[in-house]
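The values are calculated or read from the model by the stated rules, or taken from the named source; none is laboratory data. What you see is a predicted model; the values in this text were computed from it and never measured. Cβ placement follows ideal geometry from the backbone for every residue including glycine, while neighbour counts extend to all protein chains displayed. For the accessible areas, the whole protein counts, side chains as well, though only heavy atoms, and no ligand, DNA or RNA atoms are used. Shrake-Rupley method; radii C 1.70, N 1.55, O 1.52, S 1.80 Å.
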Amino acid sequence: MNQGPGAFAGQPVIVGGGLAGLMTALRLAPEPVVLLSKGPLGVECSSAWTQGGLAASVADDDDPTLHLADTLVAGDGLSDAQIAMRITHAAPAAIEDLSRLGVRFDRAADGAPLLGLEAAHSRRRIIHAAGDGAGRELMRAVVEAVRLTPSITIFEDLEARQIVIEDGAIAGVLAAGASGPAIFVTGRVVIATGGIGGLFTETTNPDGCFGQGLALAARAGAALADLEFVQFHPTALAGTVRPAALISEAVRGEGAVLVDETGRRFVANVPGAELAPRDVVARVVWRHLTEGHKVFLDARRKPGTRFEQRFPAIAAACHAAGYDPARQLIPIRPAAHYHMGGIAVDAAGRSSVPGLWACGEAACTGLHGANRLASNSLIEAVVSAAWVAESVAGAFAGRGKPLREIVPPPPPDPTPIRSALSRGAGVLRDDGGLRLTISAVLPLARGNGPSADPALVGLMIVIAALRRLESRGAHWRTDFPSRSAMAQRATLRLDETFAAAHEINAEDASLARRA
Ligand SMILES: Cc1cc2nc3c(=O)[nH]c(=O)nc-3n(C[C@H](O)[C@H](O)[C@H](O)COP(=O)(O)OP(=O)(O)OC[C@H]3O[C@@H](n4cnc5c(N)ncnc54)[C@H](O)[C@@H]3O)c2cc1C
């Protein structure tokens with residue numbers, strides 16, 4: 001086994017090469033860091049796939065307090081207001097930082113950024129790039145900056161499989177890839193592994209995003225938070241291709257409407273209509289689908305013939321699936337898109353385990369509460385990467401003791417849990433469905449096969465969803481349709497998860513025996 005140590009011992013190890021991981025590495029420079037990425041940088045990560053852009057109050061009629069207010073409304077009472085204030089106020093400066101780094105945002109002739117409108121934003125404040133290719137342009141510039149930074153050692157095609165704990169403290173990271181296993185000796189680990197969409201059958205996320213970092217952190221003893229809040233995007237392109245292409249909210253922001261097979265605009269009576277918060281639109285679409293209707297996005301009048309120019313990547317995805325968006329209806333359906341929950345972190349990005357930080361989608365800062373405001377995640381990744389870097393820089397580097405040889409766990413495989421999780425913890429949930437999912441994923445989570453880590457994360461999501469006896473934000477219980485006045489954010493750890501799952505299984509077995 002290759003002990004990555006010699007040259008790298010004691011260096012912080014950043015796991016994940018999306019925007020959050022790369023920005024953390026850049027902010028730590030000139031301190032030497034190791035960056036582990038499962039795939040080639042800038043390709044298989046949500047950051048590179050983003051279409052809309054980053055939310056920041058840069059317009060003359062806008063203000064960070066308005067951005068904050070919209071964020072808190074979307075968060076449905078569970079956002080951490082202090083964190084939300086910090087991030088929304090830091091957003092305009094973060095955009096300037098990215099411009100300095102070389103990101104070419106779309107601008108008007110006078111140099112002012114062009115601003116898009118997305119759901120539940122009271123102002124046009126989405127700063128975009130390359131039309132609908134924000135992520136591509138963002139990652140082009142950031143990856144280039146990272147490759148030019150000598151303090152960052154990049155290991156592409158190396159996957160973190162385990163955080164090594166010795167004598168109760170973080171001692172290293174066990175990774176594996178095509179070139180074999182490697183151990184990095186370090187007391188400082190940053191998890192930036194992105195979202196969990198890959199745990200669901202229908203998702204907009206790259207396949208590599210299935211919450212592996214959450215499993216690594218949970219097995220290292222960290223508390224996870226707000227796990228039940230999974231955002232389903234209402235307008236993923238319906239079809240057989242996995243992951244599903246996303247049709248950004250910005251298309252509805254430009255006037256496209258939702259219709260069914262009869263041409264009826266079935267969301268017209270919902271407050272905010274097509275631009276109501278994502279969770280609301282996703283539920284209306286889901287219900288309409290389950291009632292047997294077909295659902296389409298109608299962009300023929302607006303943006304109509306401007307579609308190709310304003311949304312070239314989305315237009316290409318539609319054409320590839322056989323639809324001309326300027327002339328034909330586009331079939332859509334909700335798909336798992338973003339995780340508000342994640343590794344619980346404090347205002348410096350520290351998890352509950354000393355030596356373990358998290359940022360980006362894998363972290364739960366409290367910004368999003370029960371529901372993320374559109375385009376608030378890239379900006380959160382940029383802003384919080386700076387806090388993490390500052391905290392990591394001053395922290396204990398570990399004892400640097402060579403580690404004993406450990407066989408790395410097998411490559412994780414989320415496939416066996418997707419259908420159970422999608423059925424039980426999808427757009428609409430209830431007690432019966434959640435319990436069935438527990439019985440399906442618990443045996444896998446308890447084992448040590450390839451699906452153990454994905455099943456563990458799925459199990460934690462389901463236990464959190466079962467415990468929240470109300471409907472709020474993205475978490476909708478058909479058996480508890482109202483909001484509870486007592487609701488609070490909730491955390492969950494590995495031991496509690498298994499204890500709760502066994503108790504629930506035992507209850508169900510006893511009920512079955514009595515029936
Ligand atoms: C299609 C789409 C469109 C979106 N549009 C927007 C938008 O317009 N605006 C917005 O704000 N947000 C948007 N989002 C959400 C946003 O993209 C993500 O929340 C954000 O990019 C997360 O960044 P990240 O760095 O945390 O994760 P990612 O960019 O996903 O990067 C995580 C990386 O870590 C890797 N990884 C995972 N596990 C391991 C491991 N064990 N070892 C090594 N590497 C690992 C993954 O393969 C991945 O490459 C969108 C998401 C999607 C999917």
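Annotations
- The residues of region 362-439 expose, per residue, 36 Å² of accessible area to a 1.4 Å probe.
- Directionally averaged projected area (region 297-446, Cα convex hull): 14.2 nm².
- Principal axis dimensions, largest first and in whole angstrom, of region 18-85 by Cα: 39, 29, 28
- Region 291-310 and region 478-515 have Cα centres spaced 41 Å apart.
- Rounded to the nearest 10 Å², the accessible area of ASP70 at probe 1.4 Å: 20
- All Cα pairs of region 225-271, percent lying beyond 15 Å: 62
- Across region 411-424, coupling constants 3J(HN,Hα) worked out from phi with the 6.51/-1.76/1.60 Karplus curve, θ = phi - 60°, read x, x, 9, x, 3, x, 9, 4, 5, 5, 5, 5, 5, x Hz, and Gly and Pro carry x.
- Three-way shape label, region 396-471, alpha-carbon gyration tensor, a/c 1.5: prolate
- GLN309-ASP157 pseudo-label distance in nm [points 7 Å out on the Cα-to-Cβ vector]: 4.3
- Sorted on the mean count of surrounding Cβ atoms within 10 Å across their residues, most packed first, peptides 412-423, 145-156 read 412-423, 145-156.
- With only Cα atoms counted, region 99-235 has Rg and Dmax values of 19.2, 60 Å.
- Across region 108-119, coupling constants 3J(HN,Hα) worked out from phi with the 6.51/-1.76/1.60 Karplus curve, θ = phi - 60°, read 6, 4, 7, x, 6, x, 7, 10, x, 10, 10, 3 Hz, and Gly and Pro carry x.
- Eligible lysines near LYS38 by straight Cα distance, threshold 30 Å, same-chain separation 8 or greater: LYS401
- With the whole protein complex present, TYR323 retains an accessible surface near 60 Å², based on a 1.4 Å probe.
- Annotation for region 97-135 versus region 272-287: alpha-carbon center distance of 25 Å.
- For region 82-151, radius of gyration divided by Kirkwood radius, i.e. Rg to Rh on alpha-carbons: 1.01
- By average C-beta atoms within 10 angstrom, highest first, the peptides 497-503, 15-21, 476-482: 15-21, 497-503, 476-482
- 10 Å binning of all Cα-Cα separations within region 177-233, expressed as whole percents from 0 upward: 18, 45, 28, 9
- Convex hull volume per residue for the chain, taking Cα atoms only, in Å³: 143
- Mean Kyte hydropathy of 0.0 or more with a Cα span along the axis of at least 15 Å, helices from DSSP in the chain: 64-75, 81-101, 134-147, 278-290, 377-393, 431-446, 452-467
- Amide hydrogen neighbours beyond the local backbone of HIS339, cut-off 5 Å, H modeled: ILE196, GLN231
- Of all accessible heavy-atom area on the chain, the percent that carbon and sulfur account for (1.4 Å): 56
- Helical runs (DSSP H, four residues minimum) scored at -39500 (n - 2.57) apiece and divided by the length of the chain put the mean residue ellipticity at 222 nm at -10500 deg cm²/dmol.
- Under Stokes-Einstein, with the Kirkwood radius over Cα pairs as Rh, the value for region 263-342 at 20 °C and 1.002 mPa s is 153 µm²/s.
- Normalised Debye scattering of region 318-363 at q = 0.17, 0.20, 0.22 Å⁻¹ gives log10 I(q)/I(0) of -0.60, -0.68, -0.76, counting only Cα atoms as equal scatterers and leaving out solvent.
- Interchain or long-range residues, amide H under 5 Å from GLY473's placed H: none
- Taking a ≥ b ≥ c as the square roots of the Cα gyration tensor eigenvalues, region 1-130 comes out prolate, since a/c reaches at least 1.5 and a/b is larger than b/c.
- Over region 435-515, the Kirkwood radius and the radius of gyration, each from Cα atoms, give a ratio Rg/Rh of 1.01.
- Per residue, in Å², the accessible surface of region 79-206 once ligands and nucleic acids are set aside, probe 1.4 Å: 36
- Amide H contacts under 5 Å for VAL295: ILE332, restricted to partners 5 or more places along the chain or on a different chain, H placed in the peptide plane at 1.01 Å from N.
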